[in-house]
């Protein structure tokens with residue numbers, strides 16, 4: 001049996017005196033996607049950020065074992081975070097942060113992804129002019145461009161219309177064959193579409 005991709009042991013996370021994650025010990029296995037579920041306020045986003053290394057636990061151990069933690073991770077934030085620039089400049093900045101410095105190749109990859117998502121006409125559009133759904137798609141494209149060995153996705157289907165909802169769901173299913181995907185969703189139907197590896201949280205504890 002393969003070693004877990006990530007092992008969490010007795011993880012606690014506090015903000016001031018509020019306990020957000022309460023003594024969580026779980027293994028994140030390689031292979032099929034892992035889905036984190038729970039009601040609002042259950043600690044899902046905090047747990048995802050702990051797994052990605054964005055947050056450090058107040059106490060406890062997060063161990064990648066024999067698997068080296070990626071230097072760069074592909075993380076989809078629930079709240080859209082962009083520079084005050086155009087679509088293409090935001091995507092170029094994301095690639096620059098990975099130290100992939102071939103600008104011509106980066107620009108071509110961006111054009112290819114925008115074309116794939118029918119967003120070619122928005123290449124030079126300022127990010128603030130996009131709809132909420134379009135911003136979600138640009139956030140997803142940024143994840144795909146960075147292309148880490150692990151995708152951490154916080155509510156990837158938020159604000160997508162039916163066409164893009166189905167398209168992104170099928171795309172993630174296909175991508176999960178070659179990289180690990182850890183995602184948050186409120187929908188059990190969505191979760192079961194991807195996997196039976198489901199972590200359920202309630203007030204910061206696994207249930």
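The values are calculated or read from the model by the stated rules, or taken from the named source; none is laboratory data. Since the model is a prediction, treat every value here as computed from it, not as a measurement. Quick reminder, even Gly has a Cβ in these numbers, built from the backbone with ideal geometry, and neighbours come from all protein chains shown.
Details
- Count - residues of the stretch 28-42 that are on the phi < 0 side of the Ramachandran plot and either buried (at least 17 other Cβ atoms within 10 Å of the Cβ) or outside the structural domain of residue 155 (by TED's automatic domain parsing) (or both): 7
Matching residues to (1) over 29 Å from residue 178 (Cβ atoms); (2) in a helix (DSSP H, G or I); (3) touching a residue at least 24 places away in the same chain (Cβ under 8 Å):
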{"position": "8", "(1), (2), (3)": "no, no, yes"}
{"position": "19", "(1), (2), (3)": "yes, no, yes"}
{"position": "45", "(1), (2), (3)": "no, yes, yes"}
{"position": "48", "(1), (2), (3)": "no, yes, yes"}
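- Test: residue in the stretch 191-204 that is part of a helix (DSSP H, G or I) and either surrounded by 19 or more Cβ atoms within 10 Å (Cβ to Cβ) or under 16 Å from the mean Cα position of the chain (by Cα) (or both): yes
- Residues that are farther than 28 Å from residue 174 by Cα and surrounded by 15 or more Cβ atoms within 10 Å (Cβ to Cβ), drawn from the stretch 44-59: 55, 57
- Listed by position, the helices (runs of 4 or more DSSP H) enclosed by the stretch 53-150 that each have at least 3 residues that are under 15 Å from the mean Cα position of the chain (by Cα) and at pLDDT 95 or above are 132-146.
- Residue 85 falls short on exactly one of the conditions (1) more than 14 Å from residue 6 (Cβ to Cβ); (2) assigned by TED's automatic domain parsing to the domain that holds residue 29; (3) surrounded by fewer than 19 Cβ atoms within 10 Å (Cβ to Cβ); (4) in contact with a strand residue (DSSP E or B) (Cβ under 9 Å, 6 or more places away or on another chain), and that condition is (2).
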